[in-house]
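I have placed the structure first, in the form of structure tokens, so that the comments after it can refer back to it.
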Amino acid sequence: MNIILLGAPGAGKGTQASRLEEKYGLVHISTGDIFRANIKGGTPIGKVAKSYIDAGKLVPDEVTCEIVKNRLAEDDVKGGYMLDGFPRNLFQAQELDKFAKVDACVNISVDPSLLMDRICGRRVCSCGASYHVSTLGGKTTCEKCGQPLYQRADDNPETVGARLETYNTQTAPLIDYYAAQGKLLTIECGNATPDEVFAMICEKLDNFNK
């Protein structure tokens, strides 16, 4: 099973991705991780991406698509994968269709009014764990590894507002794109807990694959 995980910043994609990865045996593919791996490894495409990043520019869609294409050609993804952070726009989605087969697009839908509080109240750990200040009870260290928690530099109202606007203009149209293909599975979260959201995703995926 090959799926795309879609959702606005703060929708909880990271939390659900780790659970879906474990339950369905999927390889979690984050574009951020791919970029970092290629740049660190000094690959030709990584050097191209780095030249844009160092110049403070967005990496062109063509470069991003090539990096994802190379990643999906590796052996470990043959049993199924989950794309997180790609595609980000219609061009990337159309290019993806040329070199990969996507079975379903899971769209985690959250009321926009909740997203700002979610993101600005987020605290993360270098081990990858993520929390919200409302559940920490004043704690400042990670429950998993004990390391200090911190707030990402871009988890502030101004930057978050810009990220949500970018999502609405560029990524949200993918909802219609995958709906037209009959591959869209929308999860209306409301105030559901992460456990409840995970249960809803699994139910839809399991029924979709019958």
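We did not get these values from a lab; they are worked out from the coordinates using the rules stated. Just so it is clear, the model here is predicted, and its values are computed rather than measured. Heads up, the Cβs are rebuilt from the backbone with ideal geometry, glycines too, and the neighbour counts pull from every protein chain shown.
For CYS142, CYS120, CYS105, which order do you get if you count the other beta carbons within 10 Å of each Cβ and list the fewest first? Each step should come with its number before you reach the end.
Details: CYS142 19, CYS120 16, CYS105 22.
Final ranking by Cβ density, sparse to dense: CYS120, CYS142, CYS105.
In Å and whole numbers, how far do the C-alpha atoms of segment 46-88 stretch along each principal axis, longest first?
Taking max minus min along each principal axis of the Cα atoms, segment 46-88 gives 37, 20, 14 Å.
Say each of ALA100 and ALA73 gets a label point 7 Å from the Cα, pointing the same way as Cα to Cβ; how far apart are those two points in nm?
Placing both labels 7 Å along Cα→Cβ, they lie 1.4 nm apart.
For the chain, what does the relative contact order come out to in percent, with C-alpha contacts under 8 Å and a separation of six or more?
On the way: 262 pairs, mean separation 58.2, N = 210.
28 percent.
For the pair ASP54/ALA162, report the inter-label distance in nm, with labels modelled 7 Å from Cα in the Cβ direction.
Calculated label separation equals 2.3 nm.
Arrange ASP155, ASP75 by Cβ neighbour counts within 10 Å, fewest through most, would you?
Details: ASP155 19, ASP75 6.
Result, fewest neighbours first: ASP75, ASP155.
With each label point set 7 Å from Cα along the Cα-Cβ vector, what nm distance links GLU196 and THR135?
About 1.3 nm separates the two model spin labels.
Can you pull out the trypsin sites (Lys or Arg not before Pro) in segment 95-139 whose DSSP state is coil and whose Cβ has at most 11 other Cβ atoms within 10 Å?
Values: sites: LYS98, LYS101, ARG118, ARG122, ARG123, LYS139; in loops: LYS101, LYS139.
Answer in residue order: LYS101.
May I ask for the percentage of alpha-carbon pairs in segment 4-109 that lie more than 23 Å from each other?
Values: 1513 of 5565 pairs.
Here the long-distance tail beyond 23 Å is 27 percent of all Cα pairs in segment 4-109.
Taking just the alpha-carbon atoms of the chain, what radius of gyration and Dmax come out, in angstrom?
Values for the chain (Cα only, Rg and Dmax): 17.3, 49 Å.
Could you work out how much longer the chain between GLN181 and LEU114 gets when fully extended? Use 0.36 nm per residue separation minus the Cα distance between them, nm to one decimal. Intermediate results must be reported in sequence, preceding the final value.
On the way: separation 67, 0.36 × 67 = 24.12 nm, distance 2.93 nm.
Roughly 21.2 nm would be gained on extension.
For segment 104-210, just say rounded, prolate or oblate: build the C-alpha gyration tensor, square-root its eigenvalues into a ≥ b ≥ c, call rounded for a/c under 1.5, and beyond that prolate if a/b exceeds b/c, oblate if not.
Note, shape of segment 104-210 comes out oblate.
If neighbour count is taken as other Cβ atoms inside 10 Å, put HIS132, HIS28 in order from fewest to most. Write down the numbers at each step before the final one.
Working: HIS132 13, HIS28 16.
Fewest-to-most ranking of HIS132, HIS28: HIS132, HIS28.
What is the calculated FRET efficiency for ALA37 to PHE208, with r their C-beta to C-beta distance and R₀ = 30 Å, to the nearest 0.05? Walk me through the numbers on the way to the answer.
On the way: r = 31 Å, r/R0 = 1.02.
Efficiency, from the Cβ-Cβ distance: 0.45.
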